[in-house]
Each structure stands twice: as C-alpha cells, then as structure tokens.
Amino acid sequence: MVSQVLKGLFESQTFTEGATFFDFEVAWRMHRMSANIPAAVISFITAQLLEGDPNLMSAMNGDEQQTITTALLCTHKIFSYESSNVSEIQRVMPDLVSALRMIQESTLWSCLRHIINQGLKTMSQIYLIFDGDDKALPEDRFRFLRNIRELWERSESTQSGCIKFLIASRDYPRAREVLDGLPYLDDEREQQGEHSVSQAHAIPIFHVAAI
C-alpha cells in the first residue's frame with residue numbers, strides 16, 4: 001500500500017523536498033529492533049527535512065539545535081553499522097539507545113514542529129509517511145501516535161492542510177483509541193476492489209485521502 005502511494009507521488013512529481021518517510025521494518029531487518037523508538041523516528045524525519053533545506057535549523061534556538069544535533073548523531077551511529085556485523089550491533093546498541101532515551105522527547109517534537117512551520121514558508125506541502133508502526137516498541141506506540149495526532153491537529157488548524165500524514169500499520173487496539181475519528185483505508189477491502197475510506201476509526205492507514 002505505502003509503496004503504491006510513494007510510486008504515485010514520484011510519478012506525479014508531487015514528491016518534493018518536503019517529503020519524508022520512515023519504515024519501522026528497517027530496524028527489524030537490520031537487527032536493531034530496540035532502536036524503533038520515537039527519538040530515532042523524529043531524528044530520521046528531521047534529517048530528511050534538513051537535507052532538503054539546511055537553513056531550517058534556524059527555526060530552532062541554540063538549545064534545541066544542540067538537542068537535535070545530538071539525536072541525529074546518535075541515530076546515525078545506530079544505523080551505520082553493517083547488518084552482517086550482528087555481534088558488534090548487539091554490543092553497541094544498548095548504550096546508543098540509552099543515549100537516545102535520555103534526550104527529552106518533548107524537545108525533539110518541538111524541534112520537528114518548528115522545522116515544519118519554517119519549512120512551510122517556502123514549501124507548498126510537507127508529507128510525513130510512516131510504514132509499519134506496529135513494529136514500534138509496545139511501550140512507545142501509544143505515545144508516538146498521540147504525538148503524531150497532536151502534530152496533525154495543530155497543522156490542520158494553523159496551516160490549512162499543507163502538511164499531510166500517512167501511517168500504515170497492522171491493527172492493534174490502542175491505535176484505534178488514539179486515531180479514532182480520522183480517515184482510514186482497509187487494505188484488505190481495497191484489494192478486493194471495495195472503496196473503504198472511512199471516518200469511523202483510524203486503524204491501518206489514516207489521512208490517505210488528503211495526500
């Protein structure tokens with residue numbers, strides 16, 4: 001589903017410097033399951049936005065710049081080891097993940113909000129796409145989705161829908177709870193040729209219709 005959406009965006013040339021993507025499956029495939037934490041996800045998304053426009057760093061104050069820089073360096077180290085070197089990954093991962101955990105998560109979300117708000121001054125739209133949220137660590141899933149929803153609600157009210165979100169995930173109860181009331185697609189029904197966009201519960205994918 002997500003690959004089809006990305007393909008469509010590329011072909012329509014809608015995918016610009018404001019597009020970001022995080023695949024929770026990657027950490028599993030690279031033997032870094034413990035790194036599927038909100039701080040790493042925020043770092044990945046932030047890095048993609050900064051790659052498109054390094055000047056977005058100016059949206060943050062000095063302390064925030066220091067915080068996001070620390071998170072980016074730590075996340076880079078986590079994913080820089082060769083996947084074949086499993087023993088080395090297992091040796092360094094606890095310390096690197098612990099270092100990320102020590103960073104104030106609320107500050108990272110604040111950094112991302114500032115970067116997005118600054119980015120929308122020069123970009124027509126920003127896309128945030130997350131694939132495989134159910135692979136996030138159980139203790140982090142609800143908090144991550146709650147923060148994503150808060151980011152979405154703020155952007156809807158202040159940026160007139162210029163920021164678009166898509167989350168692809170297997171169904172799990174707390175996802176229904178935190179995303180209740182948002183549009184979603186039922187992938188199984190879509191594959192059977194049935195139109196399934198609904199406002200009732202945001203379960204596997206939400207806000208697809210806005211992309």
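The values are calculated or read from the model by the stated rules, or taken from the named source; none is laboratory data. None of the values given here were measured: they were computed from a predicted structure. A quick note on method: Cβ atoms are made from the backbone with ideal geometry, for glycine too, and the neighbour counts reach across all protein chains shown.
Quick notes on this one:
- Out of 122, 107, sole residue that is over 19 Å from residue 22 (Cα atoms), among the polar types (S, T, N, Q), surrounded by fewer than 16 Cβ atoms within 10 Å (Cβ to Cβ) and more than 15 Å from the chain's Cα centre (by Cα): 122
- Test result for residue 141, closer than 21 Å to residue 38 by Cα, at pLDDT 70 or above and assigned to a helix (DSSP H, G or I): yes
- Selection within the stretch 27-63 - among the polar types (S, T, N, Q), at pLDDT 90 or above and out of contact with any strand residue (DSSP E or B) (no Cβ under 7 Å at 6 or more places or on another chain): 43, 46, 55, 58, 61
- Pair list, Cβ under 7 Å, 6 or more apart: the stretch 155-173 residue farther than 14 Å from residue 20 by Cβ and hydroxyl-bearing (Ser, Thr, Tyr), other residue modelled with pLDDT of 80 or more and crowded, with 21+ Cβ neighbours inside 10 Å: 169/133; 169/175
- Residue 129 being more than 18 Å from residue 34 (Cβ to Cβ), touching a residue at least 60 places away in the same chain (Cβ under 8 Å), under 19 Å from the mean Cα position of the chain (by Cα) and surrounded by 13 or more Cβ atoms within 10 Å (Cβ to Cβ): yes
- Residues in the stretch 82-102 that are in contact (Cβ under 8 Å) with a residue 40 or more places away in the chain and either crowded, with 17+ Cβ neighbours inside 10 Å or assigned to a helix (DSSP H, G or I) (or both): 9 in all.
- Taking the criterion of being more than 25 Å from residue 77 (Cβ to Cβ) and not in a helix (DSSP H, G or I), the residues of the stretch 103-124 that qualify are 120, 121, 122, 123, 124.
- Search result, residues across the stretch 26-80 that are buried (at least 19 other Cβ atoms within 10 Å of the Cβ) and either of a type in the set (D, E, K, R) or at positive phi (or both): 32
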